[in-house]
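Asks: Below you will find the structure I want to go over with you.
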Amino acid sequence: MFYLIPYLHLAQAVLSPPATRQEIFIPQQIRPLPGQLDTVPVFNSNNPEVVKTEGILLSTFPPQGKRVPAAHLNFSFQGRFDLFSHHIARAIENPNDLRTLYLGVIVYNPSDRPVTINILQAASYLSQPDAPFIKLPPMQDNTLGNIYAGPGDRVMNDILRGKRQQGWPAQLIIPPKQSQMLMNQPIPVRSLQPPLNGRSTLLRLYSNGPVYLANLAMFAKTNADGSERSPNLQEWEELLVNGNLAGPREKAPSPPDRPTGPEIYGRVAAVAIGSRWRAQVTDTRSSYLNIPQPGQAFSYGLSTLFMGTMGTGQNQSAKLVVRYPGTAYEAHGNYGIEYNISLPLMNNTPEPQTVSVLFQTPIKEDKLIKPGLRFFSPPEPQVFFRGTVRIRYNDDSGLPQTKYWHLVQQRGQMGEPLVQLKMPPGQRRLVEVDFLYPPDATPPQVLTIQTINTTKDN
């Protein structure tokens, strides 16, 4: 069991018709991805995913003066940091209670001078109506940025393009010893069938002084005429001081020192370290990457994780500096983390070669059953990745190209080429692949470089 398959699209797996499925094995090398995560802290709020009771989702405030000290992790942010939040409201079990759930991010300045938070990039979307989980083809040109399925997919698409969503200010100035709301956003379920909705948020921030953050969940307040209103700052502050953790709590993760299988990773409520993974992929002691021999391929792991390293021994999951007991031990899945991968390819063969770069979702393994990748034909019905990947390169005419591909990949899907290059002998070509790992995806994936065997049979 992989405990990161999201509630919002489980129905797809249930409704898909059965198919005759066979396993395909491709013998090849799988390599660890060079580089590493940076040291930018990430406020990572994803536990519980489905929120039914009000309370604290994640607080890094000091515990002093709080009714439930254990709900506060005592971590301050300064300089560059990110905020990731991914939560769902669901009234299916209690359809008579259709109150709107609000997510409130409160920020406190503990210092004696004003603190300015620059909102460098920001995006926050609902699954309904902003980004419903619609069925999409495996690969589509997303140059215009208008293709997405699910709020996490849409958020990552915006941030990849450097956007700050309309409605977010460029700055938030917090007076000394005071709090302000960075976010106060609804997750409505009324009039939805079923009454189920989710919100994904990613903010890239810079603070010129120390600040504490908390993500809180509260149902809408009621006006005298019975209409709803959003909670105000005072009500959020009262919940912060007197509230307990929101519920229901997710299933506890498997202890990493005692893996028993099937692995339960749990969901994250923590501060993780790492916002971006930069990889310059070259051969050892070289400034370029020799392409595979004709008919061969090699792959690099993407978002590999504990008990899912694809034979590389590399766990790319962001480590946590503070977390709640009962939540994930690492930021499994690296939701919201950006990958920037440079491939300085070189054709070191004496013949022209055709080279493909593919994004793939093989069957997850830790230690490989045999050296290579395993796929299903057709893939299994569960969607394991839906998101936009950017690829930059010079085409066969030498002209610079930037392509945005929206991918939907199911478990065991081999994928289609992001680009195919015709490389003369001795030619070098730089290919750059960038994406943000989206929530509502299930790792790991791989980036594959493949040289097509063009030798004709005699």
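Asks: Kindly evaluate LEU192 against the criterion of being hydrophobic (A, V, I, L, M, F, W, C) and within 23 Å of the chain's Cα centre (by Cα). Show your work before the answer.
Replies: Details: hydrophobic (A, V, I, L, M, F, W, C): yes; within 23 Å of the chain's Cα centre (by Cα): no.
The answer is no for LEU192.
Asks: Are any of the residues in the range 203-213 under 26 Å from ASN94 (Cα atoms) and either crowded, with 17+ Cβ neighbours inside 10 Å or out of contact with any strand residue (DSSP E or B) (no Cβ under 8 Å at 6 or more places or on another chain) (or both)?
Replies: No, every residue in the range 203-213 fails to be under 26 Å from ASN94 (Cα atoms) and either crowded, with 17+ Cβ neighbours inside 10 Å or out of contact with any strand residue (DSSP E or B) (no Cβ under 8 Å at 6 or more places or on another chain) (or both).
Asks: Looking only at the range 236-252, which residues are at pLDDT 95 or above and more than 14 Å from GLN180 (Cβ to Cβ)? Outline the logic, then answer.
Replies: Step one: list which residues in the range 236-252 are at pLDDT 95 or above, which gives 236-248.
Matches in the range 236-252: GLU238, LEU239, VAL241, ASN242, GLY243, ASN244, LEU245, ALA246, GLY247, PRO248.
Asks: Within the range 123-139, is even one residue modelled with pLDDT under 95 and farther than 24 Å from PRO381 by Cα? Don't jump to the end; show me each part of the working.
Replies: In the first step, residues of the range 123-139 are kept if they are modelled with pLDDT under 95; the result is none.
No.
Asks: If you go through the range 214-238 one residue at a time, how many are of a type in the set (A, V, I, L, M, F, W, C) and buried (at least 21 other Cβ atoms within 10 Å of the Cβ)? It would help to see each step written out before you state the result.
Replies: Of the range 214-238, the ones of a type in the set (A, V, I, L, M, F, W, C) are 214, 216-220, 224, 233, 236.
Next cut, buried (at least 21 other Cβ atoms within 10 Å of the Cβ) only: 214, 216-218, 236.
Summing the residues that are of a type in the set (A, V, I, L, M, F, W, C) and buried (at least 21 other Cβ atoms within 10 Å of the Cβ) in the range 214-238 gives 5.
Asks: Still on this model: With the structure loaded, tell me whether ASP141 is surrounded by fewer than 13 Cβ atoms within 10 Å (Cβ to Cβ) and over 23 Å from ALA220 (Cα atoms) or whether it fails that test.
Replies: Details: surrounded by fewer than 13 Cβ atoms within 10 Å (Cβ to Cβ): yes; over 23 Å from ALA220 (Cα atoms): yes.
Yes: the conditions hold for ASP141.
Asks: Which condition number does ASN340 fail, the rest of (1) modelled with pLDDT of 95 or more; (2) of a type outside the set (Lys, Arg); (3) crowded, with 18+ Cβ neighbours inside 10 Å; (4) within 16 Å of the chain's Cα centre (by Cα) being met?
Replies: (3)
Asks: Tell me which of these GLN165 doesn't satisfy, since it passes every other one: (1) surrounded by 12 or more Cβ atoms within 10 Å (Cβ to Cβ); (2) among the polar types (S, T, N, Q); (3) within 25 Å of PHE384 (Cβ to Cβ).
Replies: Result: GLN165 passes all but (3).
Asks: Is the range 95-116 home to any residue that is acidic (Asp, Glu) and in a strand (DSSP E or B)?
Replies: no
Asks: While we're looking at this one, here's another question. Determine if the range 424-432 includes at least one residue that is at pLDDT 95 or above and under 19 Å from THR143 (Cβ atoms).
Replies: Yes, the range 424-432 contains at least one residue that is at pLDDT 95 or above and under 19 Å from THR143 (Cβ atoms).
Asks: Can you tell me which condition VAL14 does not meet? The list is (1) out of contact with any Ser or Thr (no Cβ under 6 Å at 6 or more places or on another chain); (2) of a type in the set (Val, Ile, Thr); (3) at pLDDT 95 or above; (4) over 20 Å from SER179 (Cα atoms), and all the others hold.
Replies: (3)
Asks: Among what's in the range 53-85 and is of a type in the set (Ser, Thr, Tyr) and in a strand (DSSP E or B), pick the residue that is surrounded by the fewest Cβ atoms within 10 Å (Cβ to Cβ).
Replies: Per the stated criteria, the residue is THR53.
Asks: Could you tell me whether any residue of the range 244-257 is closer than 25 Å to HIS87 by Cβ and part of a strand (DSSP E or B)?
Replies: Yes, there is a match, as at least one residue in the range 244-257 is closer than 25 Å to HIS87 by Cβ and part of a strand (DSSP E or B).
The values are calculated or read from the model by the stated rules, or taken from the named source; none is laboratory data. This is a predicted model, so every value here is computed, not measured. Don't worry about glycine lacking a Cβ; one is built from the backbone with ideal geometry, like all the others, and counts go over all protein chains shown.
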